[in-house]
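What follows draws every value from the coordinates through simple rules; no lab data is involved. Just so you know, these numbers come straight off a predicted model, no measurement behind them. Neighbour counts run over all protein chains shown; Cβ positions are idealised from the backbone, glycine included.
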Amino acid sequence: MENRDILIIGEHLDGKLKPSTLELVTLGQRMAEQGTRTLGLVLIGDHLDGVCEDAARQTGLDILYLRVPGCDYYNGDIYKTLIQAQAVAWNVSHVITAHSSQGTDYAPGLAVRLYAACITGVNGLEQTENGEPLFSRAICGGNFNTLIRSQSRCTVLTVQPGYFPARDHVDKPGQVSTETHECVSETTQVMGMEKARAAASALGQARIIVSAGRGIGSEENLDVVRRFAALFPGSALGGSRPLIDMGWLEYKHQVGITGAVVSPDVYIACGISGSSQHIAGMNTSGYVIAINTDPHAAIFNVSDLCIVDDLVGFMEAFETLVET
Amino acid sequence: MNILVCIKQVPQSESATVINADKTWIVRGGHVEYKMNRFDEYALEEALLIKERLPDVRVDVITFGPERCRDVLKRAFGMGADDGVHILSHDNRYNDPGTLAVQLGREAAKGSYDLILTGIMSEDMMQAQTGQMLAENLGWPCVSSVIGLDLKEKRAHVKRELEGGMKSLVRVTLPCVLTIQAGINIPRYPTLSKILKANRKEVKTVPDTQIDPLQSCEVIQYPAKQRAGVVLQGSREDKARELARILNQKNIMR
């Protein structure tokens with residue numbers, strides 16, 4: 001396969017292409033439209049013939065399948081070695097990976113090896129007057145976006161899910177080329193996988209989800225949130241990750257990338273600041289209401305209705321109103 | 001066994017933070033309270049648990065930042081850390097994580113560490129890069145997003161958190177860097193006696209080094225609203241009434 005300017009690293013799980021890969025391709029295509037850049041999509045692992053054909057069909061891009069016999073699970077050390085070699089061989093300007101448990105694991109180390117800037121959690125693409133790309137990324141819990149300019153010849157990017165929607169189906173599938181590499185890690189072995197604990201079924205079924213975040217202040221205030229949720233028949237109680245980490249709620253209530261990804265008709269975020277990991281877990285909800293004391297909280301950017309008030313005071317007032 | 005934990009001081013809250021006049025950086029308004037980055041608390045606690053479990057374990061901490069960051073080392077001493085290094089920085093703007101990782105690497109190489117722990121990311125800059133880059137600078141392996149850790153036969157046996165509640169089980173040789181995810185433990189509070197001792201403890205301060213960054217922050221902006229974002233106005237009762245009306249319309253009230 002001939003040299004490409006942008007190396008996109010696709011992700012796969014259980015023999016299927018992960019949808020996030022299509023979002024990486026969208027960013028790559030938008031960058032190609034800004035300047036003249038060619039794209040190559042790389043998949044790494046074993047037994048991926050089907051995945052590669054699927055990727056070639058869905059993206060129209062040529063696929064380079066780096067087959068590593070026995071590499072059944074993601075191994076950061078092997079990924080870094082192979083991607084570094086490929087980036088050098090193609091003399092790429094950019095490596096695009098997902099802002100996922102995999103991408104964030106290897107991207108920074110890879111960047112050091114390539115003497116490249118590493119820009120993580122990219123959620124937007126703009127450009128300077130000279131047509132140089134500027135990458136947007138969130139800071140301070142999502143309250144602000146910074147526009148970052150790379151000053152290195154090669155740049156490694158991790159892409160926040162949900163910001164570069166997959167483009168329409170293409171007519172002409174790309175070509176798949178396969179290279180087999182015998183590659184083992186001296187330092188790092190992946191021994192196996194542990195499946196998720198019982199699925200958060202109540203959250204999956206509910207038409208309305210009332211979720212609590214750190215802004216509720218104390219564990220006792222969860223009762224106020226529970227009473228509030230009880231005003232809506234068929235509602236389920238959710239929570240943001242810090243509450244689960246603190247042991248205030250069980251894991252089955254967790255909404256976010258590392259918990260349940262939900263899409264109810266109505267989502268009410270109570271005292272949730274709106275971290276990207278939480279937003280990615282609820283952003284496809286029908287109607288989003290946020291209640292928070294901080295008017296700048298990032299959750300308000302993804303809300304249809306914003307209520308700036310003391311949470312407990314407001315909920316109690318609402319309950320009184322409804323009861324009378 | 002020697003363990004180094006990288007810790008960062010971050011603001012308690014960003015609610016009074018705004019964008020500066022020329023839109024190049026943020027300004028933290030009013031009296032700002034600082035704390036230890038939440039993810040670093042988990043990393044430090046994990047190191048202290050190892051120290052309690054195994055004989056002859058030493059736990060050092062290192063931080064990078066302006067004068068005020070000394071407080072975060074004191075807090076770490078209060079929790080039980082042995083010694084601390086402060087890389088004193090002058091510029092407090094957007095740091096390329098790469099330049100930070102080089103400086104941490106230089107200090108880390110001076111000690112004979114078997115294990116370095118960091119939080120998975122900082123709450124303010126949210127880069128999730130420093131630990132992985134530090135490992136690369138030292139030529140060590142690195143595993144990120146660790147929510148379970150056991151040390152056996154010169155290896156770390158770790159559980160990594162993946163998406164949707166899945167986990168992978170990874171075995172990695174020492175020395176290594178692990179970035180710690182929230183929920184691995186319940187961080188302890190500093191004890192009064194340790195805080196008093198901490199106040200008498202010497203912090204080793206080293207100057208930062210100017211390293212050309214590979215990336216720069218050009219502009220800072222408020223994120224675009226992705227939805228209508230209608231803000232309810234009026235008294236608390238007005239807002240409650242309006243919410244009830246909207247929810248009734250959607251036919252979800254009891």
**Request:** Straight distance only, please: which aspartates and glutamates reach the Cα of B:LYS250 with their own Cα at less than 16 Å, same-chain residues fewer than 8 apart left out?
**Result:** A:ASP265, A:ASP304, B:GLU242
**Prompt:** Using θ = phi - 60° and the Karplus form 6.51 cos²θ - 1.76 cosθ + 1.60, what ³J(HN,Hα) does each residue of segment A:283-295 get, whole Hz, x for Gly and Pro?
**Reply:** 5, 9, 4, x, 9, 10, 10, 10, 10, 7, 6, 8, x
**Asked** Within a Cβ distance under 15 Å of A:GLU53, other residues only, what is the Lys/Arg minus Asp/Glu net charge?
**Response** +1
**Complete:** To the nearest 10 degrees, the tilt of helix A:311-323 (Cα long axis) against the first principal axis of the alpha carbons of chain A is 50 degrees
**Request:** With everything on Cα atoms, drop me the angle between helix A:20-34 and the longest principal axis of chain A, reported from 0 to 90° to the nearest 10.
**Result:** 70 degrees
**Message:** Please rank A:HIS296, A:HIS99, fewest neighbouring Cβ atoms within 10 Å first, as an exposure proxy.
**Reply:** A:HIS296, A:HIS99
**Loop-resident sites, segment B:1-106, for trypsin sites (Lys or Arg not before Pro), counting at most 14 other Cβ within 10 Å (DSSP)** = B:LYS23, B:ARG93
**Asked** Excluding B:LEU232 itself, what net charge comes from residues whose Cβ is under 15 Å from its Cβ, given Lys and Arg +1 and Asp and Glu -1?
**Response** -1
**Prompt:** Considering only the other residues whose Cβ falls under 12 Å of the Cβ of A:ASP294, what net charge follows from Lys and Arg at +1 and Asp and Glu at -1?
**Reply:** -2
**Item:** Span from the segment A:18-85 Cα centroid across to the segment B:77-110 one, whole angstrom
**Value:** 35 Å
**Message:** Under the rule that an exposed site lies in a DSSP loop and has at most 10 other Cβ atoms within 10 Å, name the longest stretch of chain A with no GluC sites (Glu not before Pro) of that kind, not counting the sites themselves.
**Reply:** A:187-324
**Prompt:** Using θ = phi - 60° and the Karplus form 6.51 cos²θ - 1.76 cosθ + 1.60, what ³J(HN,Hα) does each residue of segment A:272-282 get, whole Hz, x for Gly and Pro?
**Reply:** 9, 6, x, 5, 4, 5, 6, 4, 5, x, 9
**Asked** Which entries of B:LYS159/B:LYS225; B:LYS8/B:LYS110; A:LYS16/A:LYS195 show an alpha-carbon separation above 27 angstrom in the structure shown?
**Response** B:LYS159/B:LYS225
**Asked** Which residues in segment A:61-103 have a backbone N closer than 14 Å to a point placed 7 Å from the Cα of B:MET166 along the Cα-to-Cβ line?
**Response** A:72-75, A:100-103
**Request:** Rounded to whole Hz and in sequence order, give me ³J(HN,Hα) for segment B:218-231 from the Karplus expression 6.51 cos²θ - 1.76 cosθ + 1.60, θ = phi - 60°, writing x for Gly and Pro.
**Result:** 8, 9, 10, 8, 6, x, 5, 6, 8, 9, 3, x, 5, 9
**Asked** If exposed GluC sites (Glu not before Pro) are those in a DSSP loop with at most 10 other Cβ within 10 Å, what is the longest stretch of chain B that has none?
**Response** B:34-152
**Prompt:** For A:ALA89 and A:HIS47, FRET efficiency with R0 = 35 Å and r from the beta-carbon atoms, rounded to 0.05?
**Reply:** 0.90
**Prompt:** Scanning chain A for trypsin sites (Lys or Arg not before Pro) in DSSP loops with at most 15 other Cβ atoms within 10 Å, what's the longest stretch left with none?
**Reply:** A:1-152
**Request:** Rounded to the nearest 0.05, what FRET efficiency do B:THR209 and A:GLU2 give with R0 = 45 Å and r taken as the Cβ-Cβ distance? Could you check?
**Result:** 0.60
**Item:** Exposure proxy ranking, count of Cβ atoms within 10 Å, fewest first, for B:MET166, A:MET282
**Value:** B:MET166, A:MET282
**Asked** Expressed in whole Å with the largest first, what are the equivalent ellipsoid semi-axes of the protein assembly as shown derived from the C-alpha gyration tensor as the square root of 5 times each eigenvalue?
**Response** 36, 32, 24
**Under 16 Å from B:LYS152, Cα to Cα: lysines that are on another chain or at least 8 residues apart** = B:LYS51
**Rounded tilt (10° steps) of A:49-59 against the dominant C-alpha axis of chain A** = 80 degrees
